[in-house]
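The values are calculated or read from the model by the stated rules, or taken from the named source; none is laboratory data. Remember, it's a predicted structure, so these values are computed and weren't measured experimentally. With ideal geometry, Cβ positions are generated from the backbone for all residues, glycine too; neighbour counts draw on all protein chains shown. Calculation scope for accessible area: heavy atoms of the full protein, side chains included, ligands and nucleic acids excluded. Shrake-Rupley method; radii C 1.70, N 1.55, O 1.52, S 1.80 Å.
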There are 2 protein chains.
Amino acid sequence: MSVTKPSLPKGTRDFSPQEMVKRNYIFDTIKTVFRKYGYAEIQTPSMENLQTLTGKYGDEGDKLIFKILNSGDYLAKVDETLLTARNSQLATSKLSEKALRYDLTVPFARYVVMHQSEIAFPFKRFQVQPVWRADRPQKGRYREFYQCDADVVGSPSLLNEAEFILIYHEALSKLGLKDFTIKINNRKILSGIAEIIGKPELIVDMTVAIDKLDKIGLDGVAKELIERGFTEADIEKLKPVILLEGANVAKLESLKAVLSTSETGLKGIEEIETVFNYVNNLVSDNPTLTTQIELDITLARGLNYYTGCIFEVKTNEVAMGSIGGGGRYDDLTGMFGLKDLTGVGISFGADRIYDVLEELNLFPTSAQQGTKVLISNFDENAELYALPLLQQFRTANIAAELYPSSAKLKKQMSYADAKHIPYVILIGEEEMQNNLLTLKDMVSGEQQKLAAAEIIERLK
Amino acid sequence: MSVTKPSLPKGTRDFSPQEMVKRNYIFDTIKTVFRKYGYAEIQTPSMENLQTLTGKYGDEGDKLIFKILNSGDYLAKVDETLLTARNSQLATSKLSEKALRYDLTVPFARYVVMHQSEIAFPFKRFQVQPVWRADRPQKGRYREFYQCDADVVGSPSLLNEAEFILIYHEALSKLGLKDFTIKINNRKILSGIAEIIGKPELIVDMTVAIDKLDKIGLDGVAKELIERGFTEADIEKLKPVILLEGANVAKLESLKAVLSTSETGLKGIEEIETVFNYVNNLVSDNPTLTTQIELDITLARGLNYYTGCIFEVKTNEVAMGSIGGGGRYDDLTGMFGLKDLTGVGISFGADRIYDVLEELNLFPTSAQQGTKVLISNFDENAELYALPLLQQFRTANIAAELYPSSAKLKKQMSYADAKHIPYVILIGEEEMQNNLLTLKDMVSGEQQKLAAAEIIERLK
């Protein structure tokens with residue numbers, strides 16, 4: 001073996017013990033809430049057949065899919081003219097049959113179609129797995145990152161939408177966030193608006209433009225709308241809708257007036273109202289919740305496939321993009337030949353949530369601890385004395401370590417510090433004679449002589 | 001989008017909710033034990049630089065590494081003669097810079113070297129992540145599977161070996177296994193034996209042959225030894241060692257006599273004795289444990305890199321290969337330029353353990369449940385009545401669902417059955433009037449009228 005200077009592929013990360021404990025804290029919190037709402041976990045393979053993935057994410061997306069080189073003598077099967085033509089795009093289909101998962105939604109659609117006979121619909125599933133994208137790496141954007149999705153397929157009920165709002169609320173509150181906004185919109189309202197203006201075919205252009213209101217302001221949006229084929233008159237009609245303010249109820253009333261002649265638009269309003277009613281009835285005892293839900297007409301994410309409600313979550317405590325989003329899509333599995341199966345789902349942005357909790361110092365101490373107590377090791381006698389004690393801790397379900405060799409006190413203390421171990425037990429001659437151990441609290445520095453049973457009681 | 005008939009790459013698997021709950025039960029049990037013994041979790045990226053992996057697993061291993069096709073116009077950089085020569089092996093280094101993790105050991109070694117300045121040694125880490133191998137798929141062998149490893153680097157103490165025996169014992173016992181054997185051997189004993197015969201250079205041939213004793217019997221082993229360059233006289237010397245029987249103590253005494261002139265061999269015996277002493281002192285109150293530890297001189301797995309103790313675990317309740325293994329390797333990180341760092345580690349074969357628990361029917365009911373209670377939904381009134389109740393269950397940390405639309409009783413019951421939901425609440429006119437709900441136990445079929453608070457108390 002030759003010596004290799006070790007490095008990581010760009011855009012990928014190692015996670016240290018400290019980071020893993022925090023990441024697990026986030027994932028476990030979200031998973032616990034998913035389960036409480038009846039969602040069950042599935043996993044799909046990291047690699048899918050290339051043709052399962054291609055054509056699902058647009059041309060740009062296709063380029064960002066990581067392809068896996070065929071095994072064995074893969075060049076033997078490739079036409080020579082293709083190779084000498086140096087057409088990488090054409091050659092890929094010959095060199096590669098498999099690719100890494102790009103998101104969790106397409107593999108989920110494939111799963112539902114392949115397992116439709118075993119599934120009891122409505123199928124409520126969650127999935128927390130890594131995805132891979134050959135994006136240009138930059139701050140906060142990685143080539144491997146976890147997605148954290150919950151979806152239900154086969155149920156048109158808007159109760160699902162309402163429960164997703166509660167799931168966001170409960171999970172983020174449990175993680176310690178205090179001020180965040182769950183934004184909601186509906187594709188049918190956007191369709192209605194485009195219809196009223198008389199430009200239903202420009203709905204995508206319209207939403208792309210008004211989606212930028214936060215960033216470029218009303219003048220910027222107006223300019224972009226003109227560029228995208230709207231007239232000054234259209235913009236005048238759009239303005240009151242874009243600038244809609246006030247409580248959700250007031251917004252809905254204004255919209256009803258504006259959209260009174262659009263059947264689709266009114267249907268969208270009705271859907272939002274139904275979702276709000278479900279939420280109110282579910283949490284009639286928690287008045288703080290509803291104030292964090294905001295009807296936002298400019299919200300348009302993923303419009304290409306959303307057909308009903310659209311969600312996005314933002315924290316108001318830290319400057320950060322959205323920390324979650326989702327929506328309803330009426331034909332998720334059509335791409336694999338199973339028609340008319342409606343779905344709705346949400347996603348948590350785990351990496352961003354991690355950064356938010358870090359910045360707000362919200363990780364609990366318990367999410368930073370592994371081993372609870374380290375038993376020091378000064379010589380063979382002390383080691384021998386410590387062995388049954390060590391196992392007593394573990395029998396009491398206390399994570400415990402014996403320093404594995406006799407070493408200087410300072411070295412053993414540094415080890416405990418580095419691992420954030422909150423207690424160290426010191427065993428010297430005196431301790432062994434009296435059967436009273438010295439328990440050192442590594443945070444306060446305090447030391448106390450206690451019997452083993454007392455220490456176990458205290459640390460349990 | 002064209003319609004694609006969905007399929008999975010061969011050797012890969014989807015995991016259904018039922019399978020995931022069982023898999024998580026296994027992983028969680030093992031992780032809990034790892035943590036109790038002071039091991040902390042890390043994760044490494046799924047993809048490593050190709051040169052980090054190549055040359056570490058032998059020529060056969062290199063062929064089984066899944067390579068990732070470079071992104072963009074990857075053919076542009078490849079020499080034309082290389083392409084037209086159709087030499088797949090040579091071309092790979094030009095077409096691919098990254099590859100999928102083949103095991104957890106090499107990425108761990110890379111991790112230790114890259115992060116050596118942040119690590120407090122001894123470094124006790126565990127890692128549970130998938131690995132990928134382009135092996136020919138067959139029953140029980142997959143191209144993507146999870147490894148479940150714990151290793152400690154930077155500590156020569158044999159306490160680590162002893163604790164790994166306890167970790168195996170505790171994790172497998174917790175999983176319900178009652179009869180399993182933890183086999184132990186030591187590379188130095190094998191070296192000593194080869195030395196005594198006067199053929200130290202044939203140690204690998206010797207161990208490969210005697211490792212097969214179980215499968216091909218003594219005559220088979222003798223035949224293979226002859227083929228591999230041993231004489232009849234050598235075999236006569238080997239026989240008593242290979243056929244060593246009795247308790248561990250008796251075996252060790254016999255070996256001491258045989259190996260009395262081999263310093264290395266005696267060192268190996270001493271190491272085994274030290275491990276046994278550690279185990280005895282740790283669990284002086286649990287006499288059943290030590291009987292499941294067996295010194296097995298024919299055990300040789302992974303001899304290429306193990307330098308001290310070697311472990312293997314077998315269940316005696318089901319016919320199955322080893323469900324775990326590991327050992328000590330004195331120079332894990334040398335391949336990345338960090339010399340003389342000793343390591344010892346073990347691995348659990350999670351897929352095989354899954355099959356064993358399934359065959360012995362050892363998965364607890366709690367490892368098969370998601371949602372605890374389903375509230376039925378017969379009409380709008382009942383739904384409205386159910387909404388606050390639904391949220392009360394969740395506030396009490398009871399996983400609950402309301403069937404999301406009014407449907408026939410039979411359909412709702414099938415849904416509960418398919419999801420293994422143990423309780424269903426029926427809400428009809430009478431129930432709403434009296435505020436007494438019908439709770440149906442889905443296992444016994446029993447029905448009872450209870451107030452909401454009583455049901456919550458019962459299901460908590």
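Of the numbered conditions (1) under 39 Å from the mean Cα position of the chain (by Cα); (2) touching a residue at least 12 places away in the same chain (Cβ under 8 Å), B:Ser414 fails exactly one; give the number of that condition.
Going through (1) under 39 Å from the mean Cα position of the chain (by Cα); (2) touching a residue at least 12 places away in the same chain (Cβ under 8 Å) one by one, B:Ser414 breaks only (2).
Any residue at all in segment B:26-33 that's out of contact with any Pro (no Cβ under 6 Å at 6 or more places or on another chain), in contact (Cβ under 8 Å) with a residue 40 or more places away in the chain and at the interface with chain A (Cβ under 7 Å from one of its Cβ atoms)?
Among the residues of segment B:26-33, not one is out of contact with any Pro (no Cβ under 6 Å at 6 or more places or on another chain), in contact (Cβ under 8 Å) with a residue 40 or more places away in the chain and at the interface with chain A (Cβ under 7 Å from one of its Cβ atoms), which makes the answer no.
Report yes if some residue within segment A:42-53 is more than 24 Å from B:Ile119 (Cβ to Cβ), facing chain B (nearest Cβ under 7 Å), modelled with pLDDT under 95 and open to solvent by 10 Å² or more (accessible area, probe 1.4 Å); otherwise report no.
yes
In segment B:1-41, which residue that is touching a strand residue (DSSP E or B) at 6+ places or on another chain (Cβ under 9 Å) and open to solvent by 50 Å² or more (accessible area, probe 1.4 Å) is farthest from B:Arg141 (Cα to Cα)?
Of everything passing the filter in segment B:1-41, B:Arg35 is farthest from B:Arg141 (Cα to Cα).
A:Ser71 is checked against (1) farther than 30 Å from A:Gly38 by Cα; (2) more than 7 Å from chain B (Cβ to nearest Cβ); (3) hydroxyl-bearing (Ser, Thr, Tyr); (4) without any contact (Cβ under 8 Å) to a residue 12 or more places away in the chain and fails just one. What number does that condition carry?
If we test A:Ser71 against (1) farther than 30 Å from A:Gly38 by Cα; (2) more than 7 Å from chain B (Cβ to nearest Cβ); (3) hydroxyl-bearing (Ser, Thr, Tyr); (4) without any contact (Cβ under 8 Å) to a residue 12 or more places away in the chain, just (2) comes out false.
Does A:Val113 satisfy the condition of being touching a helix residue (DSSP H, G or I) at 6+ places or on another chain (Cβ under 7 Å) and either buried (at least 23 other Cβ atoms within 10 Å of the Cβ) or without any contact (Cβ under 8 Å) to a residue 24 or more places away in the chain (or both)?
No; evaluated as a whole, the condition is false for this residue.
Residue by residue through segment B:325-352, note down the ones that are farther than 22 Å from B:Glu273 by Cβ and in contact with a Cys (Cβ under 9 Å, 6 or more places away or on another chain).
The answer is B:Ser347, B:Phe348, B:Gly349, B:Ala350.
Going through segment B:221-267 one residue at a time, which ones are small (Gly, Ala, Ser), within 34 Å of the chain's Cα centre (by Cα) and more than 30 Å from B:Leu289 (Cβ to Cβ)?
B:Ala222
Of all residues in segment A:54-68, count the ones that are more than 7 Å from every other protein chain (Cβ to nearest Cβ), closer than 14 Å to A:Arg143 by Cα and touching a helix residue (DSSP H, G or I) at 6+ places or on another chain (Cβ under 8 Å).
1
Show the residue pairs meeting these rules: Cβ distance below 6 Å; 6+ apart or different chains; first residue within segment A:384-395 and among the polar types (S, T, N, Q); second residue open to solvent by less than 50 Å² (accessible area, probe 1.4 Å) and in a helix (DSSP H, G or I).
Hits for this filter: A:Gln391/B:Leu282.
Among the numbered conditions (1) surrounded by 13 or more Cβ atoms within 10 Å (Cβ to Cβ); (2) in contact with a helix residue (DSSP H, G or I) (Cβ under 6 Å, 6 or more places away or on another chain); (3) among the small types (Gly, Ala, Ser); (4) more than 26 Å from A:Asp351 (Cβ to Cβ), tell me where A:Ser284 comes up short.
(1)
Any idea which residue in segment A:126-161 is modelled with the lowest pLDDT, counting only those that are surrounded by fewer than 23 Cβ atoms within 10 Å (Cβ to Cβ) and of a type in the set (Gly, Ala, Ser)?
A:Gly140
Does segment B:186-200 include one or more residues that are free of Cβ contacts under 8 Å to residues at least 40 places away in the same chain, in contact with a Leu (Cβ under 7 Å, 6 or more places away or on another chain), in a helix (DSSP H, G or I) and crowded, with 16+ Cβ neighbours inside 10 Å?
Yes, because at least one residue in segment B:186-200 is free of Cβ contacts under 8 Å to residues at least 40 places away in the same chain, in contact with a Leu (Cβ under 7 Å, 6 or more places away or on another chain), in a helix (DSSP H, G or I) and crowded, with 16+ Cβ neighbours inside 10 Å.
Residue by residue through segment A:221-271, note down the ones that are crowded, with 20+ Cβ neighbours inside 10 Å, aliphatic (A, V, I, L, M) and not in a helix (DSSP H, G or I).
A:Leu259, the sole residue that qualifies.
When both residues are 6+ apart or on different chains and their Cβ atoms are under 8 Å apart, which pairs have a first residue that lies in segment B:78-101 and is at pLDDT 85 or above, and a second that is open to solvent by 50 Å² or more (accessible area, probe 1.4 Å) and assigned to a helix (DSSP H, G or I)?
B:Lys94/B:Lys77
Would you pick out the residues in segment B:165-199 that are among the hydrophobic types (A, V, I, L, M, F, W, C) and either within 15 Å of B:Lys314 (Cα to Cα) or within 12 Å of chain A (Cβ to nearest Cβ) (or both)?
B:Ile165, B:Leu166, B:Ile167, B:Ala171, B:Leu172, B:Leu175, B:Leu177, B:Phe180, B:Ile182, B:Ile184
Can you tell me how many residues within segment B:308-348 are of a type in the set (Ser, Thr, Tyr) and under 18 Å from A:Pro6 (Cα atoms)?
1
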